[in-house]
Protein chains: 2
Amino acid sequence: MRGAGADHANARAAVIDVIRAAGTISRTEIVNTTRLTPGTVSGEVRRLLDEGLVVEVGRAPSTGGKPRRLLELVASSRFAVGIHLDHDGVTYALADLGGAIVARRRVDGVGEAEPDDVIRAMAREAAGIVEDAQVDPARVLGLGVVSPGPLVAATGMVMSRPSLHRWVDYPLAARLEAASGLPVVVDNDATAAAVGEHWTRASEPSAAFSALYMATGIGSGTIVDGVPYRGASSNTGEIGHVCVAVSGPMCWCGNRGCVEAVAGPASVVAAARAAGVDVGAREGVETLERGAGLLRAFGRVVDAAHAGDARARAILADSARYVAVAAQTLCSMMDVDLVVLTGPAFALAGELYLPVVQERVSRAVVAHGHGVRVRVSAHANQAAAVGAAALVLQSELVPRRFGVRLLVGAER
Amino acid sequence: MRGAGADHANARAAVIDVIRAAGTISRTEIVNTTRLTPGTVSGEVRRLLDEGLVVEVGRAPSTGGKPRRLLELVASSRFAVGIHLDHDGVTYALADLGGAIVARRRVDGVGEAEPDDVIRAMAREAAGIVEDAQVDPARVLGLGVVSPGPLVAATGMVMSRPSLHRWVDYPLAARLEAASGLPVVVDNDATAAAVGEHWTRASEPSAAFSALYMATGIGSGTIVDGVPYRGASSNTGEIGHVCVAVSGPMCWCGNRGCVEAVAGPASVVAAARAAGVDVGAREGVETLERGAGLLRAFGRVVDAAHAGDARARAILADSARYVAVAAQTLCSMMDVDLVVLTGPAFALAGELYLPVVQERVSRAVVAHGHGVRVRVSAHANQAAAVGAAALVLQSELVPRRFGVRLLVGAER
């Protein structure tokens, strides 16, 4: 794409994002906020009106001059399907342009199924959720697929992860595009969760925030000025594999003392079982992780803690202590002013971890310069699926990374 | 600044950066690399020729069509003064547009001097180094000041750091601008070191790289696609305060088991002295750190290790083990493909740390997707001063962060 096209794409992205963030806004306010010229804003708004993405919804109170017409995104004008692939199964979420989930379904049994079969089922389910919701397929922008990282974003080939071993080197994005006829975006669950928080405005305004995502594994994603931090290969924020104990237990990644190995749900469940807490399952933790039961077992430990079980409380407190160290590392490395605890494990136990994490991050070096707020996501349990849909909305509508790339492409 | 102005600034920055990176390059190649339009590139190049920043140096071999004129930056057309403020003293480096140091001087004794006196001396020394080098003051773009972080980049007020306690809340940038009459950029030493590596092309091409900076403290700076990662407040990459041992020794920052406390030069010197290694100083480590001797004492431990002292070797190996964990954390969080060891401590001991760090980062999760190279900076000892000058060149000539901000300013 040449410069003029890129300039237009950047301006369009900026205008859409400002309208989305504001709810309703006038053209003049868009000019003031984006610092684009009035002519550019006017032209982009006209195109968005023509495409039905934006609608005029009334007039702002007069300030003496001509009343200002207010603009708003049309939530039902575009949709995206978020697909969260994990060992337990696949979650489908149909999100509208505002990031609201209008339909959702969950299908069991990915771990041992053939990827090709899963891909065909995915395309079918994605079409089905759109049809059942009576959404015009022409309004669906694409499919976002997330799975536990690391992965290869450029090709959508998922890399090694023990719970999804059949997906190693599988060209997921290409196969799913072929099967569905729609654009496919692939990312890791934690980065998607961060994009979902950003897109749905579930988080309060922030210059830079991180999503600390805990499911069976632990990851993080960071958004600065509305743009995900991606590093060299989109495999950033692997906070689960940051070492917090050099002589600690072995992690599946091959190192000792990773946060995930020391404090993740698998270690909590193993410790709870060893201490005699009823975790509602007899399988070993490794079997649990390959199967569907790890988070259920983790939930039993959380329930026991809430019921006053001192062993469960102590084990979760120990996990929280290390997760809090990880959150502090996140703040120290990424310099964020907000940490959002999200993912299904925090949907179960977020309120138990929150005060421990908040206390610890307030002692991070960056906290001398600005506060660091911590909160639990409003949609922690569906964060990856919401994020998967938001990835599509972001990449199809406000692909701002391209704008950055344009300026720096020379250096690659 | 309105859109048109910002577009021009972005295009100018992209063109300068491509010429700098390439050495010599034709207009056509600039168009291909930046994806700007031929008209935009032609206009920007004409302005740069008019300003004397760029010169035509000959013609590329004909490929059948019209021979292409080659462009090159004029190194002597612009200069910047880098000022590295630490407890030991102040280092001044006059760098040309290519990032080459054309003059350098060092003045002792900042720690206990009054900041106002230091600022006056700084302005005098900066003018002096320019004059002695017989550089036209009109060609000096500004002064870059770096000090150990954290700091407040927007105002230049340095925050708490024990070795520079008099500088807390001091409006360094404003006072130095007033005293020197030149633009002043302030940043932390590690980010500056990364910018210096980038600007001087000391590092090989990289999609994302980190400078792991060790002086008396430990920090890091990360550059992605040529742009420093800055987070919410430019206090990113505080790898020295990442916890590697939850029950480890207290750090000055108030937490336990920080990398800096466990493995930094102060801990190496303390351990060496306790083991009977002659560190060439009798003061306690705290006194050493406030005074001028810590890195000299660290150098004595390194010398002892090179001379075969098993105690010194073991102590440095222990430090390297934790520094390597920190480097792995850097890779896992930032997803970089290159780690550059820099700063005066690595100037002394980089070759001892290098193999340990290289082995460890090859086991980072991201290393499954791409290799991570590690090397010692070619100007590790002067990295902060070189970086300080490069910050000015970057902020005055290729202020690309603005381009990003333009698109996302709405969200602040």
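From the list B:Ala324, B:Ala304, which one is touching a Lys or Arg at 6+ places or on another chain (Cβ under 7 Å) and either small (Gly, Ala, Ser) or within 17 Å of B:Val259 (Cα to Cα) (or both)?
Numbers: B:Ala304 fails: touching a Lys or Arg at 6+ places or on another chain (Cβ under 7 Å).
Every option except B:Ala324 fails the conditions.
When you check A:Gly248 against the structure, is it more than 14 Å from the chain's Cα centre (by Cα), more than 29 Å from A:Ala21 (Cβ to Cβ), modelled with pLDDT of 90 or more and crowded, with 24+ Cβ neighbours inside 10 Å, yes or no?
On the way: more than 14 Å from the chain's Cα centre (by Cα): yes; more than 29 Å from A:Ala21 (Cβ to Cβ): yes; modelled with pLDDT of 90 or more: yes; crowded, with 24+ Cβ neighbours inside 10 Å: no.
Considered against the rule, which asks whether it is more than 14 Å from the chain's Cα centre (by Cα), more than 29 Å from A:Ala21 (Cβ to Cβ), modelled with pLDDT of 90 or more and crowded, with 24+ Cβ neighbours inside 10 Å, A:Gly248 comes out as no.
Residue by residue through the range A:306-329, note down the ones that are surrounded by 21 or more Cβ atoms within 10 Å (Cβ to Cβ) and among the small types (Gly, Ala, Ser). Walk me through how you get there before you give the answer.
So the first thing to find is which residues in the range A:306-329 are surrounded by 21 or more Cβ atoms within 10 Å (Cβ to Cβ), and the list is A:312, A:315-316, A:319-320, A:322-329.
If the condition is that a residue be surrounded by 21 or more Cβ atoms within 10 Å (Cβ to Cβ) and among the small types (Gly, Ala, Ser), then A:Ala312, A:Ser319, A:Ala320, A:Ala324, A:Ala326, A:Ala327 are the ones that fit.
Taking B:Ser220, is it in contact with a strand residue (DSSP E or B) (Cβ under 6 Å, 6 or more places away or on another chain), closer than 23 Å to B:Gly196 by Cβ, more than 7 Å from every other protein chain (Cβ to nearest Cβ) and part of a loop (DSSP other than H, G, I, E, B)?
On the way: in contact with a strand residue (DSSP E or B) (Cβ under 6 Å, 6 or more places away or on another chain): yes; closer than 23 Å to B:Gly196 by Cβ: yes; more than 7 Å from every other protein chain (Cβ to nearest Cβ): yes; part of a loop (DSSP other than H, G, I, E, B): no.
Taking the combined requirement at face value, the residue does not satisfy it.
Of the residues that make up the range A:314-332, is at least one closer than 22 Å to A:Ala190 by Cα and free of Cβ contacts under 8 Å to residues at least 12 places away in the same chain?
Among the residues of the range A:314-332, not one is closer than 22 Å to A:Ala190 by Cα and free of Cβ contacts under 8 Å to residues at least 12 places away in the same chain, which makes the answer no.
As an exercise: evaluate A:Gly196 against (1) farther than 24 Å from A:Leu354 by Cβ; (2) of a type outside the set (Lys, Arg); (3) in contact (Cβ under 8 Å) with a residue 60 or more places away in the chain and give the number of the one condition it does not meet.
Every listed condition holds for A:Gly196 apart from (1).
Please go through (1) open to solvent by 20 Å² or more (accessible area, probe 1.4 Å); (2) at pLDDT below 95; (3) more than 30 Å from B:Leu141 (Cβ to Cβ) for B:Leu294 and return the number of the only condition it doesn't satisfy.
Against the list (1) open to solvent by 20 Å² or more (accessible area, probe 1.4 Å); (2) at pLDDT below 95; (3) more than 30 Å from B:Leu141 (Cβ to Cβ), B:Leu294 comes up short only on (1).
Results for (1) modelled with pLDDT of 90 or more; (2) of a type in the set (S, T, N, Q); (3) farther than 30 Å from A:Ala304 by Cβ, shown as yes or no for each residue.
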| position | (1), (2), (3) |
| --- | --- |
| A:Leu182 | yes, no, yes |
| A:Val195 | yes, no, yes |
| A:Glu204 | no, no, yes |
| A:Gly231 | no, no, yes |
| A:Ile239 | yes, no, no |
| A:Ala261 | yes, no, no |
| A:Ala266 | yes, no, no |
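Among (1) within 24 Å of B:Ala14 (Cα to Cα); (2) in contact with a Ser or Thr (Cβ under 6 Å, 6 or more places away or on another chain); (3) facing chain A (nearest Cβ under 10 Å); (4) not in a strand (DSSP E or B), which single condition is B:His198 missing?
Looking at each condition in turn, B:His198 falls short on (2).
Where in the range A:49-152 are there strands (runs of 3 or more DSSP E), lying fully within it, with 2 or more residues that are under 15 Å from A:Val386 (Cα atoms) and modelled with pLDDT under 95?
Working: elements: A:54-59, A:69-73, A:79-86, A:89-96, A:101-108, A:140-147.
Hits in the range A:49-152: A:79-86, A:89-96, A:101-108, A:140-147.
Residues of the range A:312-325 being facing chain B (nearest Cβ under 9 Å) and hydrophobic (A, V, I, L, M, F, W, C), which ones?
Step one: filter the range A:312-325 for residues facing chain B (nearest Cβ under 9 Å), giving A:321-322, A:325.
Result: A:Val325, single match.
The values are calculated or read from the model by the stated rules, or taken from the named source; none is laboratory data. Since the model is a prediction, treat every value here as computed from it, not as a measurement. Cβ: placed from backbone, ideal geometry, glycine included. Neighbour counts: every protein chain shown. SASA here: full protein model, heavy atoms, side chains in, ligands and nucleic acids out. Shrake-Rupley method; radii C 1.70, N 1.55, O 1.52, S 1.80 Å.
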